[in-house]
Structures are given as C-alpha cells and as structure tokens.
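Please read the structure below before turning to the comments.
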Ligand code: AMP
C-alpha cells in the first residue's frame with residue numbers, strides 16, 4: 001500500500017511517496033517558488049536519480065498536479081497509475097485545542113483548520129491549499145490531516161496555561177500548544193522499541209534540536225510538557241528565533257527601535273537566536289566551525305544553547321520525578337557529537353553516563369550511553385513523513 005505525504009509551505013511543497021509494506025520512500029521531491037517566476041520541481045526516484053522539471057506553477061493545485069504527473073511518469077515515476085496511491089497524509093501546523101490526534105479530512109475538519117488560521121497564520125493557509133488541491137485532483141482518495149500540535153494536547157492545564165488573565169484564554173485561546181509533535185511522537189515510540197519496554201512504563205525527554213528546536217517531557221507515552229508555546233518562537237534559542245525572553249523586552253525594543261508589530265515579529269523570528277548572538281550564521285555547523293577558530297560570539301551562542309537544553313532537561317526530569325532516557329533527534333541532535341557531549345556533561349545527578357566512543361555516531365539509531373548508565377541516551381533520526389504515513393494508513397484502512 002502506498003501513501004503520499006504532503007507538506008505545504010507558502011511557496012514550497014515537499015512530498016514523499018511511501019511504500020507501507022517496506023516503510024521506505026519510493027519517491028521524494030520538492031516544489032519551490034510556487035506562484036513565482038522560475039518555479040521548479042526536483043523529483044528523486046527510490047534509487048536517488050534526480051529529475052528537475054521547470055514549469056509555470058501559479059498555485060498549489062498546479063504544484064500538486066505536477067507532482068502527480070511526475071509520480072506516474074513512465075521514465076522516472078513510482079507508480080503506473082494514481083489509483084495505486086491509497087491515501088494522502090498532510091502535515092498541518094496548527095490544530096489548536098480541537099485536535100489531539102490525526103483525522104480524516106471532511107468539511108467540519110476543514111472548517112476547524114480554517115478557524116486555527118489566526119494561531120498559525122503563515123502555515124495553515126498553505127496547508128489548507130494543499131488539502132484542497134488534492135481533494136480536487138484525487139477525488140475519492142482519503143485525505144488525512146496530521147497536526148504538529150496534536151501530540152501535545154495531553155499536557156495538563158497547569159502546564160499549558162500562562163499567567164495571564166483567564167479571559168485571554170477564553171477570548172483568544174492563548175495557551176501553550178507546542179510544536180514538532182509528530183517528531184516527538186515518532187522518536188518516543190522508537191525509543192520504547194529500542195529500550196524494549198512498553199511506552200506506558202517510560203519517562204522520556206525528547207530533544208528535537210535542529211534549525212527549530214524543542215524539548216518535550218513524555219511520561220507513559222504522553223506529552224506532559226514541551227518547550228515551544230503559543231507559537232514556535234518560545235523555548236530554546238534556535239537558529240534565528242530568540243526563544244524564551246523576559247516579555248518586557250518586546251515592548252522595550254519596539255520603543256527603542258521605533259518599530260511596529262510586524263517588524264518585531266519578523267525580528268524575533270528571523271534575526272535572533274544563534275544567528276543574532278554569533279553574527280556568523282544560523283547554521284550550527286558554521287557556528288561550531290567559527291567557535292573552533294576562536295570566534296568568541298560563536299562560542300557564546302553555542303554555550304547559551306547548551307545551557308538552555310540542560311536547563312530544560314533538568315526541569316523536565318523534575319516534572320516527571322526522574323527520566324529513563326534522553327533522546328536526541330533532528331539536524332543537530334542526530335549529527336553533532338560535540339553538542340551532545342556538552343549537553344550530557346555532568347549529568348550524573350540523573351544518572352547519565354555517556355559513552356564517548358558511541359557518541360561519535362551520526363544519523364543512525366543508537367544507544368550512546370554506557371552500559372551501566374541509569375538514564376539512557378539515545379540518538380534517533382526523526383522521520384515525520386513516516387509517522388504521517390503511519391497515521392494516515394491507520395485511519396483510512
Ligand atoms: P534540521 O532543522 O533538523 O534540518 O537541522 C538543521 C540544523 O542541523 C542546521 O543548523 C545544521 O547546521 C545542523 N547540523 C546538521 N548536521 C550537523 C553536524 N554534523 N554538526 C552540527 N550541526 C549539524
């Protein structure tokens with residue numbers, strides 16, 4: 001059975017066609033510059049061969065039309081006819097408080113996703129466009145929405161409410177939602193498999209450390225706390241996002257720099273974080289390289305990041321009354337041995353003992369703690385697309 005996974009951005013679209021028998025992707029691709037001049041589709045076959053297609057792609061319907069055409073292309077396609085695609089899973093950023101799991105899309109679901117646009121103004125509209133395009137071009141094929149926020153809906157109220165007047169929650173639904181839920185869910189499930197224990201018996205801290213980063217406390221298979229908040233701006237300092245701040249700073253900077261709401265939002269999302277502190281780059285590889293060459297601001301950016309991650313791990317171990325395993329995933333978590341070593345340094349208070357040799361691993365599932373480490377440390381490459389496909393198949397079968 002084959003499931004198509006779609007992840008729509010405002011001017012881009014990523015897709016994977018996954019064979020659910022082998023749980024491997026048989027086609028993968030990216031459409032860029034949707035609605036702009038010079039639109040391009042880069043399609044890769046299972047064997048990695050690349051096909052670049054340029055065309056006019058005015059909107060998401062045209063983009064999906066082109067993707068479907070590529071998937072059935074006799075030369076580089078993956079299926080003979082579209083009928084072979086059993087269902088489509090869509091990544092949707094924000095499901096608000098309405099969705100605590102993935103759902104088959106119907107009119108009521110679409111309405112609810114539209115209602116969440118104010119909470120995810122940059123992402124939900126293209127996500128909706130992608131679903132509508134597939135509904136139009138693949139009539140009769142089930143569409144499933146998989147929300148970044150859904151896994152975090154199990155947080156207790158005292159973890160998701162802010163210290164604001166309650167009316168703001170009632171009027172505007174201001175609360176912590178959390179993001180990267182599909183990734184945290186996937187790696188926590190894999191951790192249970194690796195540790196050979198049922199998820200119900202485990203206390204896990206999942207560290208998704210990439211360009212965007214978040215940490216989640218998972219007890220008994222359920223999220224009880226996460227570092228991102230009302231938006232993906234909160235929590236750790238990230239590639240270009242500031243993470244947690246004293247909220248008074250926002251008004252102070254707006255006054256001092258004489259800037260408005262859109263500008264401060266843009267500033268906090270795109271000019272801060274590791275980029276803002278280091279002045280070098282938002283890319284951790286560049287910043288690590290600069291720090292190794294003696295750039296002190298690059299060193300400082302990495303030190304803040306490591307310090308933030310360690311604080312969250314400590315806080316979440318406290319919130320769960322212990323931790324059985326810490327999981328590292330995403331670009332930095334999967335690949336950077338030096339960041340993992342710095343984060344896990346002096347963590348004997350929760351029983352972490354890192355195996356420095358095993359920690360050299362990159363991009364593969366591995367327990368990198370010493371055999372007698374009371375708290376295990378796992379590297380688990382995330383696979384959000386597979387998680388979306390698994391949910392899609394489960395719901396539609
Ligand atoms: P992601 O958002 O998960 O794609 O992660 C992107 C981030 O991972 C970028 O900042 C990359 O610099 C970082 N990254 C990827 N490979 C490495 C590596 N080998 N060492 C350090 N950072 C890495």
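What follows is calculated from the coordinates using simple rules that are stated; it is not laboratory data. The shown structure was predicted, so the numbers you read here are calculated from the model rather than taken from an experiment. Here Cβ is always computed from backbone atoms with ideal geometry, including for glycine, and neighbour counts include all displayed protein chains.
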Evaluate the relative contact order of the stretch 184-229 (contact order divided by residue number), counting alpha-carbon pairs under 8 angstrom at least 6 apart; express in whole percent.
30 percent
Under the definition of Cα pairs under 8 Å and six or more residues apart, what whole-number percent is the relative contact order of the stretch 217-344?
20 percent
Could you tell me how many degrees, from 0 to 90 and to the nearest 10, lie between the Cα long axis of helix 296-320 and the main elongation axis, the longest principal axis, of the Cα atoms of the chain?
90 degrees
Which distance in nm do the two modelled labels at residue 80 and residue 253 give, with both placed 7 Å along the Cα-to-Cβ direction?
5.8 nm
Once both axes come from the Cα atoms, what is the angle between helix 261-270 and the longest principal axis of the chain, in degrees from 0 to 90, rounded to 10?
80 degrees
Protection proxy (average C-beta count within 10 Å per residue), highest first, orders 48-57, 71-80 as 71-80, 48-57
Is the shape of the stretch 237-347 rounded, prolate or oblate, going by the alpha carbon gyration tensor and its root eigenvalues a ≥ b ≥ c, with a/c under 1.5 for rounded and a/b larger than b/c for prolate?
oblate
With r defined as the distance between the Cβ atoms of residue 132 and residue 372 and R0 fixed at 45 Å, what FRET efficiency is calculated, to the nearest 0.05?
0.25
Which length gain, in nm to one decimal place, applies between residue 295 and residue 166 when the Cα-Cα distance is subtracted from 0.36 nm times their residue separation?
41.9 nm
Taking every DSSP bridge whose two residues both lie in the chain, the antiparallel percent to the nearest 5 is 65 percent
Where the centre of each part is set by its Cα atoms, how far does the stretch 269-308 sit from the stretch 1-73, in angstrom?
33 Å
Rank these for me by crowding, 185, 98, 270, going from fewest to most other beta carbons within 10 Å.
270, 98, 185
As a check on your grasp of the helix formula, calculate [θ] at 222 nm for the chain: sum -39500 (n - 2.57) over DSSP H runs of n ≥ 4, divide by the residue count, round to the nearest 500.
-11000 deg cm²/dmol
How much length is gained on full extension from residue 49 to residue 341, taking 0.36 nm per residue of separation minus their Cα-Cα distance?
101.5 nm
Cα axis of helix 248-257 to longest principal axis of the chain: angle in degrees, 0 to 90, nearest 10?
70 degrees
Contact order normalised by length for the chain, with contacts defined as Cα pairs under 8 Å and 6 or more residues apart; what percent is it?
14 percent
Rounded to whole angstrom, the alpha-carbon centroid of the stretch 344-365 lies from that of the stretch 100-142 at a distance of 41 Å
